[in-house]
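First comes the structure, then the notes that go with it.
The values are calculated or read from the model by the stated rules, or taken from the named source; none is laboratory data. Note that the coordinates shown come from a computational prediction; the quantities given were computed from them, not determined experimentally. Positions of Cβ are backbone-derived with ideal geometry, glycine not excepted, and every protein chain shown enters the neighbour counts. The accessibility values were calculated without ligands, DNA or RNA, using every heavy atom of the protein model including side chains. Shrake-Rupley method; radii C 1.70, N 1.55, O 1.52, S 1.80 Å.
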Amino acid sequence: MILERCVCICVCIVIIRLINAKGVEGLPHRILLDTDVDTDDFFALLYILKLNRSEFDLQAVTINTNGWSNAGHAVNHLYDILYMMGRDDIAVGVGGEGGILEDGTILPNVGGYHPIIEQGNSTAGYCRYRQAIPVGAGGKLDIDTNFGIRKSFLPQGSRRYTPLRQPTAQQVMIDKISAGPITVFIIGSNTNFGIFLMSNPHLKRNVEHIYIMGGGVRARNPTDCCPKNSTLSCQPGQCGDRGNIFTDYTSNPYAEFNIFGDPFAAYQVIHSGIPVTLVPLDATNTIPISSNFYEEFEKNQHTYEAQYCFKSLKMTHDTWFSDQFFTSYFMWDSFLSGVATSIMLKSNNSNGENEFAEMEYMNITVITSNEPHGISDGSNPFFDGLKKPKFNLKRNGVHSGHVQTGLGDPFCIVKNGKGRCKVIAFFGFLFMDGYTAEVSGREGLHILVAVRAKPNSDRSSPLNREYFRSFLDVINLQEHTGKFNFTTEFPHYREVLYKPDFKGRKPGKNVVFDMDMSAGDFLALFYLLKLPVEVINLKAILVTPTGWANAATIDVVYDLLHMMGRDDIPVGLGDVFALNQSDLIFPAVGDCKYSRAIPYGSGGFLDSDTLYGLARDLPRSPRRYTAENSVEFGAPRDTDHPELRQPLALEIWESVITSLESGSKVTILTNGPLTNVAKIILSDKNLSYPIQDIFIVGGHISSRKTDKGNVINIPSNEYAELNMFLDPLAAETVLHSRHNITLIPLNIQREVCHFCKILESLYLANKTPEALFARRLLSRMHRLKRTHPRYQHMDTFLGEILGAVILAGDSLVLKATYGVRKVQVLATGVESEDGQIYMDQNKGSSVRILEHVNPLAYYDTFANQLGEEKQSAVIGSFDEQRRMWSVPRI
């Protein structure tokens, strides 16, 4: 009996070891991909999806929300790619509301919106490393929309982000890694996986290997180098640098974006004890997109996924900032997918033999702080002001020095224009934050590193790299190919623009609506569109991406206008930074001094960018943001369709002004930060002269100390209203402009922010598509407010509808009363007071202030107007579009 038990135990042990063995014959390699959904990231994803499923099984994709895309846009982008590929079975994780306490306790479901060093107990926070990534065109705007290609090409399935129901990144990691042996690919910053390892050390045993695209060890950046025969006037940019942070190489020439996004997390991953293979810039710099590869790709687009990739690559090429695209755009993350899967196909492959890259072992570490260590200069939250360092870090250890605080950190700038951030001197180089350094001694880890891309074994091929051949072959395989794109999914798809016929109707007050795309703004837009054109003639919409939503959310504006049959209304995109917040050297990047008040996760950007999960219910408009451009507007070259270029806010304003009849004027209703309005006023006196009135939903008139403002997440500022705080210099400019201004302040907004009352009015109204959508949105926000602490500020958005109602409403019905006050707004640069309004009889500007409105009359007015049959939606939803495109047109 004892012998039988021993035999049984031995058999079980053998079986367990076989199950946990690497590359078990007959079982596919399970893979988890962590990505920031940049262009080259979905090249990597699609490459993996096309590989033999008996060899590779992609279990899950988790989104790194601390990189090149914004969470709400990224997650729906991924869902659409997976739907096209017939892979709705693959789990997708994003975000989470957990935090890290001051004592280093890591709560469940940390969302990864911030690097570990900046992560507190909220998803709001500063942009220490993130500010190196451009926000608008050429950066997150183009990645979130995939240059405008995403909405025109990818089909839309049933999966979507939904508040509090979306699986988090940490949940998905725990579920998939707990289930058995798995390999992790990291092609963004290491935040998600670094947090996972620190929180779940017991699950390390299930991670067979980690493949990381990131870092630059011995790399020499070939970008921005002067030609051999150049004159002394040629100033090399990043040429020869270890890193690739093109927006900040003057202060940090050594770091690579993925590692720089969270150096401490990268350190945790590389020093985790799990086998790591690194594919750094050393290798990817040797596989730039060549003109031959580009031409061959253009000829070989035999699958939907190949078409999507090439369209994206072409738009990247066409909008590239210089003429050096073919020497400065590389196969970054997609190269990792080739190298890693090729290594994994060979068992017992300790030297990393593969088809695509030459490999070498190096002693590596990640530099997380600068020498001297053990200092306290206010730059390092792991130590500064704490009796006990976070995570039990050593006071004089490698993490205890100065940590780069952002772009242009004075510690990092030196006279010759190259950053120093001195840490350790090796081989004559100075190492700094985010640098993947080759070191000697105990601090280094013996890691397998890809050092260069292998040439094509077929020397007669126009493709000079072996991976180029593989990528084109794999992405064009007919096996596991995409099912359809957006237009071919529907047998009777047709593109229609809806424009109203207002002939014979005398237009009323000319209005331009300036919105920051919060939920309340979309409800206000519905209301404006339902008003008779004889009352309100909505001439244009200006979008301000300095408030509650990111710039790519402009597509939701286009969709709502399409729903309401108003594809005639132009939409202009405003600046992505508050006044004086963009970088002086590289204006595409800048500070987040004010926008950091907005949470990145639940109740913040994540929900605004998706309209709380309901944006995908709106019909899809043919209009959308695109990166199309022309030399006429300052682009380096014309793209294929410059007529589709997204106009800027000032351009739309100018076109509105020039279209006015002689003597006509325009009223501006602004519902967000005053960035766009200030730009109009500052640009040209002739442009601001036609302004009749400015209605501002914002500002706070505090009459007593207990009457607080609503600047969430900035506890030092107690009395400002958020729209004023988000761009105080713009607010000062507008309020002192001497235009006729009506202020709808926070204290009055708070009188009309009762969900139950407005929902009751909507339930009694006629059930038009727009009334039903508004009711669904408000019901969802109300439910979220009642169930989760991250949504306690939802009633703020109810007050934002008030401006639209007041603008056109009957003052007698609404019982609206006004007073005139002389006010000043503070814009001193002091966080605790910026955006605060105070009375000043001597230096203040006269402003008309709404002092009272009847709440019940307001709710009824809003609901009844949305219930009007006139000027109602011409197409109610995306589902209605699907039905329409699925049957022949009669």
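When the chain is fully extended, how far beyond the present Cα-Cα distance does Y838 get from S440, taking 0.36 nm per residue of separation? Write down the numbers at each step before the final one.
Details: separation 398, 0.36 × 398 = 143.28 nm, distance 6.05 nm.
Between Y838 and S440, full extension yields 137.2 nm more.
With charges set only on the Cβ (+1 for Lys and Arg, -1 for Asp and Glu), what does the dipole of the chain come to about its Cα centre, in debye to the nearest 20?
Working: 85 positive and 96 negative charges, 265 e Å.
For this selection, approximately 1280 debye.
For S457 and S376, the difference between the fully extended length at 0.36 nm per residue and the C-alpha to C-alpha distance is 23.7 nm. In this rough spin-label picture, where each label sits 7 Å from Cα along the Cβ direction, the D384-E718 distance is 2.5 nm.
Compared with the alpha-carbon gap, the fully stretched path from S846 to S158 is longer by 242.5 nm at 0.36 nm per residue.
Put simply, when 563-572, 171-180 are sorted by average Cβ atoms within 10 angstrom per residue, most first, you get 563-572, 171-180.
Residues in the range 849-865 carry Karplus couplings, in order, of 10, 5, 10, 7, 8, 7, x, 5, 5, 4, 4, 5, 4, 4, 5, 5, 5 Hz; the curve used is 6.51 cos²θ - 1.76 cosθ + 1.60 with θ = phi - 60°, and Gly or Pro positions show x.
FRET efficiency for the pair H641 and S290, taken as 1/(1 + (r/R0)^6) with r the Cβ-Cβ distance and R0 = 22 Å, rounds to 0.30.
Sequence-ordered 3J(HN,Hα) estimates for the range 330-337 from the Karplus curve with 6.51, -1.76 and 1.60 and θ = phi - 60° stand at 10, 7, 7, 5, 5, 5, 4, 4 Hz, glycine and proline given as x. With the cut-off at 25 Å, tell me which of the pairs K509/K685; K388/K785; K204/K390 have Cα atoms farther apart than that. Pairs exceeding the cut-off: K388/K785.
The candidate values were [x] 229; [y] 205; [z] 275; the one computed from these coordinates for volume of the Cα convex hull per residue in Å³ carries the label [y]. Solvent-accessible surface of the chain, averaged per residue with a 1.4 angstrom probe and all protein chains in place: 39 square angstrom. Select from T828, M839, V533 the residue farthest towards the positive end of the dipole of the chain; place +1 on Cβ of Lys and Arg, -1 on Cβ of Asp and Glu, and compute about the Cα centre. Positive-end residue among those listed: M839. Taking amide H as placed 1.01 Å from N in the peptide plane, K509 has its amide H under 5 Å from the amide H of I536, N537, each at least 5 places away in sequence or on another chain.
When the chain is described by a simple charge dipole with +1 on each Lys and Arg Cβ and -1 on each Asp and Glu Cβ, the residue from M781, P570, N200 located farthest towards its positive end is M781.
On the protein heavy atoms, probe 1.4 angstrom, tell me the percent of accessible surface of the chain carried by carbon and sulfur. Don't skip to the end; give the middle numbers.
Numbers: 17800 of 34380 Å².
Carbon-and-sulfur percentage of accessible area, whole number: 52.
Per-peptide packing, taken as the mean over residues of other Cβ atoms within 10 Å, places 704-711, 363-370 in the sequence 363-370, 704-711 from highest down.
Which of K151/K483; K299/K346; K593/K822; K140/K665 have a Cα-Cα distance over 24 Å? Intermediate results must be reported in sequence, preceding the final value.
Working: K151/K483 17 Å; K299/K346 32 Å; K593/K822 28 Å; K140/K665 36 Å.
In this structure, K299/K346; K593/K822; K140/K665 exceed 24 Å between Cα atoms.
When each of the peptides 185-191, 811-817 is scored by the mean number of other C-beta atoms lying within 10 Å of its residues, the order from highest to lowest reads 185-191, 811-817. For the range 734-778, the equivalent ellipsoid derived from the alpha-carbon gyration tensor has semi-axes of 32, 14, 8 Å in decreasing order.
For the range 698-705, 3J(HN,Hα) computed residue by residue from phi via the Karplus equation (6.51, -1.76, 1.60; θ = phi - 60°) reads x, x, 9, 9, 8, 9, 8, 5 Hz, glycine and proline entered as x. Residues within the reach of a label modelled at V496 (point 7 angstrom out along Cα to beta-carbon, backbone nitrogen below 17 Å), restricted to the range 749-782, are 769-770. Amide H to amide H distances under 5 Å link G401 with N370, G374, where only residues 5 or more positions off or on other chains count and H is placed in the peptide plane.
Structural descriptor for the chain: relative contact order 12 percent, calculated from alpha carbon pairs under 8 angstrom and at least 6 residues apart.
Our Cα-only numbers for the range 286-349 put the radius of gyration and Dmax at 14.1, 45 Å. Computing FRET efficiency as 1/(1 + (r/R0)^6) for V820 and D323, where r is the C-beta to C-beta distance and R0 is 41 Å, gives about 0.10.
Between the amide H of L648 and those of L573, distances stay under 5 Å, these residues lying 5 or more places away or on another chain, with hydrogens modeled in the peptide plane.
Rounded to the nearest 500, the helix-only mean residue ellipticity at 222 nm of the chain stands at -8500 deg cm²/dmol, with each DSSP H run of n ≥ 4 adding -39,500 (n - 2.57).
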